[in-house]
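Here's the structure we're looking at; comments come further down.
The values are calculated or read from the model by the stated rules, or taken from the named source; none is laboratory data. All values reported here derive from a predicted model rather than from experimental measurement. Neighbour counts are summed over all protein chains in view; Cβ atoms, including those assigned to glycine, are modelled from backbone coordinates with ideal geometry. Note: accessible area is taken over every heavy atom of the protein model, side chains too, but ligands, DNA and RNA are not part of it. Shrake-Rupley method; radii C 1.70, N 1.55, O 1.52, S 1.80 Å.
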Amino acid sequence: METQEKSSNFIGRKQETELFTQWLQQPDAPWILYFHDKTQNPEKKGGIGKTWLLRQCAKAASKHANIGVLMIDFFSVDNRDRLFLAEKIVLAFHDLYPRWDYPAFARIREQYYSKKMESAQGSVSGDIAEDETTFTAIAAALVEDMQRLEPLLAEEQKTLLVIFDTFEVIEDNPIIAVLRRSQTFPDTYSSSHMKILMAGRNRLNWNHPNWRGRQQEVQSVALPPFNEKEMLDYIDAEAIYSHPPQDEQQIAALYKRTEGRPIMIGLVVDVLNNRIQSLDKLMTIAEQHFEERLIPQINKLENPINWVILFMAHAYHHFNLTLLEQLLDQIEPPEPIRHMSREEIARKLPRLSFVRQASTGDSFVLHDEMRRLVVKYCWDRLDPDKRLRKDISRSIITYYSQPPTTEPQNEAWQQLCDLVILHHSLFIDLEGGFKYFKARFQMARRLRKRVFARLLFQEVQSFTSAMSLAQRNETRLAEAQLLLLEDAPDDALTVLDLIITDHDQQWYADNYYEILSQQGQCYYRKNIWSEAENHLKECLNIITERNDNQDLRAGLLNRLGYIERRRGHFDEALNYYQQSADLFKTPETMHNYADTLNNMSFVYRYQGKFDEALLHCKIAWRIRWQLFQKGGIGEIEIGRSLSTLGAIYLSAKDIAEAENRFQAAYEIYTRTNSKRDIAAVCHRLGQVQFERKNFVEALTWFSQAQQMAIESNVEFYITSLIWQGRVYREQQQLEAAQSFFERAIDRALRVADNYQQVEASIYLAGCLAAQGKQAEYQKTLSEVERNANERNYYDLLARIEFLQGDLLYHQKDSIRSAFQHFAAYCRYMALYNHGEYDDAIQRLVDALLGISSQEETKLILQDITSYWKEHGLDAQYPELLAASEEVRELLLQ
């Protein structure tokens, strides 16, 4: 909600406004300027004039014809909606350059809203889930349009200044205001003609994932309170009947009492202007009691303005004159409320220093810090048992529960209504409000509305101090679920650990399955397969014992199959997948059945059983085709079957057939504009050219995959960087290769993709060794070994050992040391899967056959046998010793 700027003269902040002007005009300055409170005392933060300063900066910037200004206040729930925010940015750019249009963004946005409308009108069943690929597609369309705008803005040297106020509201999760999860806040949508001015109560947390490593992008400025001169200037400008104090002692006394905080100075002026008390009278209040005595002077404002302020403070989120009229009609306060016309109220309210009026309509905003102070010093004394405020809350709930009298409101308005109702339901009755929260929160989770889920959680979190232990446990569980929805599994696990440490016994027993499930999903996201398997197996046992929800059981089996596949345990993976397929083989879940068959084909492919892989994949493709013909699924699923077929043919070295299938999938994905799937199949087409050693063509495909994945899938983005590095490594362009591997590692670290971080680090280590950068190689290798060991990535540990062995093997004086690594390579592959283990044995034997000295070969064979037996592998994995014995018999006679 935009608010009108007061007509008052701007006071003070000369240094800050000059700094802003310099920053705005310096092209090489950090693109973000951030104002925050200087004080570290949480009770004294807020009310120091940040909003006032931002508005003055906006006014100064608006004087430049080549600068557009957009103001966003995160106190307004609307402005925390990522699509709503993106739309405002688009419109601001359009105002800055009216000849620019945005067809791609407009088209995909219209499609999104059409689906929403169909859902609201019941023409499609249920609500539309917020698939993240939808929002990344919207962001991609916006970036596409912005790329056409960039040269136009550059030609006319135009810039958009976006101003964000009340950043503290979203500082813990700024990603809620960004369309694409692969980006950080604030998002420029690839525009180089955007500057950001922000204000919040707290310093930026450089350890927060959003800000880590970004210090060079931000110029932070700590805002102190007013100095004495600024205080006097403010009083002189705003006081109607009084003059600023002249006596130095009185000036010093007033400054100490207000602490120079503009919100307190403003209230002093309000008290003077409304002739509630004189300045001399105010000065009799002891310094340590000044705040608690000054704030209640609001009760002495003209009736009904005093009650309006109290109503606004309790209403909190949203307040307008229609709601006020309902409250005045329904609420019986302890004293009569004098009648005053709507027009007179609307005229008098904005005269107060702590009230702002919306630029349109009849809505008003109470300064958020003043709301806290009014609740603390006015309401708690006036209404100690909360009876009157509960009556107000009931009336507010009634108001926001009513259907709109005119045309249907947008989704942001509906969410605002839910948030208001939740807040006041919690205030009236914590237990009842909690039930309302759970219903709305679980709906938001189910539909993947992570922004709305975060807003709901923030609302219930503010009531934590009044909760029972069970309710606090429930709140923490919701927080963990939310963090997982926001792709923060580490933080989610931390919260779940807090529940385990301190919980209500009965609640914990009732929610044990959900806690296990969340932990399992966290480890699953982190690619820590052993922990994920343990937790999900226990979940499976619980569901099996209950003998209910077969779809949930089938889903768990499918996920366990994927875990075993990633661990290289292919027989176990097939067992889980088969059990899942048996449960999904019903008319209602035939699409899940096809997905499971497709998953099984991947396993058969890894086992080298290409006929079985093709059979399962083709059956899945046939089922999907039939469902597509009936309108049961989209064409994208057909493309995914074709892509899987291509992967099978590629593994079987049928390159031409693989390319045909990938091209067919590529056509479908392009037709449906599925950037995520385009990125995936571009990788496959790049691999085809990589196999053919057509490195230029391979780079073209991997580069296209990177561009598609920027907006759609961070995992594919990292993969594209790794593959480009591999191409340059094959071409001996080592510095270029190193750059791509380092970029992949950096992005994997930012999104906590541990597996790809380790994988890229292995390639980087090899690249460093090839360049002779021994110290960097050893450091990288040490870190990557530690990370892989912590997570039991046996396949990657095997690759690390082979890398070390291969390097030593080519140093003729380190042959025995090389085979120690080759033996470890075989060991990890044995633990990973049997097919890879067989290949490892063959590579070790080939290396043995390359040794000319029989005496050295004999010693190496003894080393291998000792290593294998020391690790207790001779009984379960005798194949390596058998191969070693065969070499000994053939070579050492």
(message) Need the failing condition index for A313 against (1) surrounded by fewer than 17 Cβ atoms within 10 Å (Cβ to Cβ); (2) touching a strand residue (DSSP E or B) at 6+ places or on another chain (Cβ under 8 Å); (3) aliphatic (A, V, I, L, M), just the number.
(response) (1)
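Take region 52-69 and flag every residue that is without any contact (Cβ under 8 Å) to a residue 60 or more places away in the chain, within 17 Å of H193 (Cα to Cα) and assigned to a helix (DSSP H, G or I).
First, pick out the residues of region 52-69 that are without any contact (Cβ under 8 Å) to a residue 60 or more places away in the chain: 55-56, 59-60, 62-65.
Checking the rest, the ones that are also within 17 Å of H193 (Cα to Cα) come to 62, 64-65.
If the condition is that a residue be without any contact (Cβ under 8 Å) to a residue 60 or more places away in the chain, within 17 Å of H193 (Cα to Cα) and assigned to a helix (DSSP H, G or I), then S62 is the only one that fits.
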(request) Give the residue that is surrounded by the most Cβ atoms within 10 Å (Cβ to Cβ), with candidates limited to residues of region 272-290 that are under 12 Å from K256 (Cβ atoms) and touching a helix residue (DSSP H, G or I) at 6+ places or on another chain (Cβ under 8 Å). (result) F290
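Examine region 714-735 for a residue that is touching a Gly at 6+ places or on another chain (Cβ under 7 Å) and not charged (D, E, K, R), and state whether such a residue exists.
As a first pass, look at region 714-735 and keep what is touching a Gly at 6+ places or on another chain (Cβ under 7 Å): 723.
Now drop any that are not not charged (D, E, K, R), which leaves 723.
Looking through region 714-735, at least one residue is touching a Gly at 6+ places or on another chain (Cβ under 7 Å) and not charged (D, E, K, R).
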(message) Looking only at residues that are in a loop (DSSP other than H, G, I, E, B) and not hydrophobic (A, V, I, L, M, F, W, C) in region 75-104, which one is most open to solvent (accessible area, probe 1.4 Å)?
(response) R99
(message) Which numbered condition in (1) open to solvent by less than 70 Å² (accessible area, probe 1.4 Å); (2) within 23 Å of Y828 (Cβ to Cβ) is the only one that L891 fails?
(response) (2)
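Return the only residue of N320, N303 being out of contact with any strand residue (DSSP E or B) (no Cβ under 6 Å at 6 or more places or on another chain) and within 25 Å of H339 (Cα to Cα). Walk me through how you get there before you give the answer.
On the way: N320 fails: out of contact with any strand residue (DSSP E or B) (no Cβ under 6 Å at 6 or more places or on another chain).
Of N320, N303, the one residue that is out of contact with any strand residue (DSSP E or B) (no Cβ under 6 Å at 6 or more places or on another chain) and within 25 Å of H339 (Cα to Cα) is N303.
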(request) Kindly list, by first and then second residue, each pair from a residue in region 624-642 that is of a type in the set (S, T, Y) to a residue that is open to solvent by less than 40 Å² (accessible area, probe 1.4 Å) and at pLDDT 95 or above, limited to pairs with Cβ atoms under 7 Å and residues at least 6 apart or on different chains. (result) S641/N598; S641/C617; S641/A620; S641/R624
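When region 35-49 is examined, which residues are found to be outside any loop (DSSP other than H, G, I, E, B) and either open to solvent by 20 Å² or more (accessible area, probe 1.4 Å) or free of Cβ contacts under 8 Å to residues at least 40 places away in the same chain (or both)? Step through it out loud before you land on a result.
So the first thing to find is which residues in region 35-49 are outside any loop (DSSP other than H, G, I, E, B), and the list is 35-37, 42-44.
Passing the criteria: P42, E43, K44.
At least 3 residues that are charged (D, E, K, R) in each: list the helices (runs of 4 or more DSSP H) lying fully within region 549-634 that qualify. Step through it out loud before you land on a result.
Working: elements: 550-566, 570-584, 590-606, 610-629.
Filter on region 549-634 gives 550-566, 570-584, 610-629.
Do we find a residue being more than 27 Å from S62 (Cα to Cα), at pLDDT below 85 and not charged (D, E, K, R) anywhere in region 141-149? Step through it out loud before you land on a result.
So the first thing to find is which residues in region 141-149 are more than 27 Å from S62 (Cα to Cα), and the list is 141, 144.
Those still in the list that are at pLDDT below 85 too: none.
No; the residues of region 141-149 include none that is more than 27 Å from S62 (Cα to Cα), at pLDDT below 85 and not charged (D, E, K, R).
Of the residues D380, D391, D385, which single one is part of a loop (DSSP other than H, G, I, E, B) and open to solvent by 50 Å² or more (accessible area, probe 1.4 Å)? Talk me through it step by step, then tell me what you get.
Values: D380 fails: part of a loop (DSSP other than H, G, I, E, B); D391 fails: part of a loop (DSSP other than H, G, I, E, B).
Within the list D380, D391, D385, the selection yields D385.
Got a number for residues in region 436-459 being hydroxyl-bearing (S, T, Y) and buried (at least 23 other Cβ atoms within 10 Å of the Cβ)? Lay out the reasoning, then the answer.
We begin by selecting, within region 436-459, every residue hydroxyl-bearing (S, T, Y); these are 436.
Those left that are additionally buried (at least 23 other Cβ atoms within 10 Å of the Cβ): none.
Of the residues in that region, 0 qualify.
Say we look at region 329-350 and pick out the residues that are part of a helix (DSSP H, G or I) and out of contact with any helix residue (DSSP H, G or I) (no Cβ under 8 Å at 6 or more places or on another chain); which of these is nearest to T258 (Cα to Cα)? Outline the logic, then answer.
Pass one, region 329-350, residues part of a helix (DSSP H, G or I): 329-330, 342-350.
When the remaining residues are screened for being out of contact with any helix residue (DSSP H, G or I) (no Cβ under 8 Å at 6 or more places or on another chain), the result is 329, 343-344, 347, 350.
Numbers: D329: 37, E343: 33, E344: 30, R347: 27, P350: 22 Å.
Out of the qualifying residues, it is P350.
Condition first: under 20 Å from I648 (Cβ atoms) and touching a residue at least 40 places away in the same chain (Cβ under 8 Å). Now tell me which residues in region 666-678 satisfy that. Walk me through how you get there before you give the answer.
Here is the first cut: in region 666-678, the residues under 20 Å from I648 (Cβ atoms) are 666-669, 677.
Of everything in region 666-678, just one residue is under 20 Å from I648 (Cβ atoms) and touching a residue at least 40 places away in the same chain (Cβ under 8 Å), namely D677.
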(request) Taking I72 as meeting all but one of (1) among the aliphatic types (A, V, I, L, M); (2) part of a strand (DSSP E or B); (3) open to solvent by 10 Å² or more (accessible area, probe 1.4 Å), write down the number of the exception. (result) (3)
(request) Mind counting the residues in region 231-271 that are open to solvent by 30 Å² or more (accessible area, probe 1.4 Å), of a type in the set (D, E), in contact (Cβ under 8 Å) with a residue 60 or more places away in the chain and assigned to a helix (DSSP H, G or I)? (result) 2
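For the structure I just gave you, tell me whether E325 is assigned to a helix (DSSP H, G or I) and acidic (D, E). Steps first, answer last, please.
On the way: assigned to a helix (DSSP H, G or I): yes; acidic (D, E): yes.
In short, yes.
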(request) Go through (1) under 30 Å from R180 (Cβ atoms); (2) without any contact (Cβ under 8 Å) to a residue 60 or more places away in the chain and name the single condition L426 misses. (result) (1)
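With the structure loaded, tell me whether P224 is open to solvent by 20 Å² or more (accessible area, probe 1.4 Å), over 17 Å from V69 (Cα atoms) and in contact with a Lys or Arg (Cβ under 7 Å, 6 or more places away or on another chain) or whether it fails that test. Give the derivation first.
Working: open to solvent by 20 Å² or more (accessible area, probe 1.4 Å): yes; over 17 Å from V69 (Cα atoms): yes; in contact with a Lys or Arg (Cβ under 7 Å, 6 or more places away or on another chain): yes.
Spelling it out, P224 is indeed open to solvent by 20 Å² or more (accessible area, probe 1.4 Å), over 17 Å from V69 (Cα atoms) and in contact with a Lys or Arg (Cβ under 7 Å, 6 or more places away or on another chain).
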(request) Go through (1) over 19 Å from L96 (Cα atoms); (2) open to solvent by less than 10 Å² (accessible area, probe 1.4 Å) one by one and return the number of the condition L142 breaks. (result) (1)
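Listed here are the residues, each with its yes/no results for (1) assigned to a helix (DSSP H, G or I); (2) open to solvent by less than 60 Å² (accessible area, probe 1.4 Å); (3) over 17 Å from Y825 (Cβ atoms).
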| residue | (1), (2), (3) |
| --- | --- |
| R843 | yes, no, no |
| D846 | yes, no, no |
| E855 | yes, no, yes |
| T865 | yes, yes, no |
| L873 | no, yes, no |
| Y877 | no, yes, no |
| E885 | yes, no, yes |
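When residues of region 664-678 are filtered for being open to solvent by less than 60 Å² (accessible area, probe 1.4 Å) and either among the aromatic types (F, W, Y) or in a helix (DSSP H, G or I) (or both), how many remain?
Initially, region 664-678 is screened for residues open to solvent by less than 60 Å² (accessible area, probe 1.4 Å), giving 664-666, 668-669, 672, 674-675, 677-678.
With the extra rule that they be either among the aromatic types (F, W, Y) or in a helix (DSSP H, G or I) (or both), the set shrinks to 664-666, 668-669, 672, 675, 677-678.
Adding up the residues that qualify gives 9.
Residues of region 261-303 being basic (K, R), touching a Pro at 6+ places or on another chain (Cβ under 7 Å) and farther than 21 Å from V375 by Cβ, which ones? Break it down into steps so the answer makes sense when it comes.
Let us first name the residues in region 261-303 that are basic (K, R), namely 261, 275, 281, 293, 300.
Now narrow it down to the ones that are touching a Pro at 6+ places or on another chain (Cβ under 7 Å): 261.
Those that are basic (K, R), touching a Pro at 6+ places or on another chain (Cβ under 7 Å) and farther than 21 Å from V375 by Cβ: none in region 261-303.
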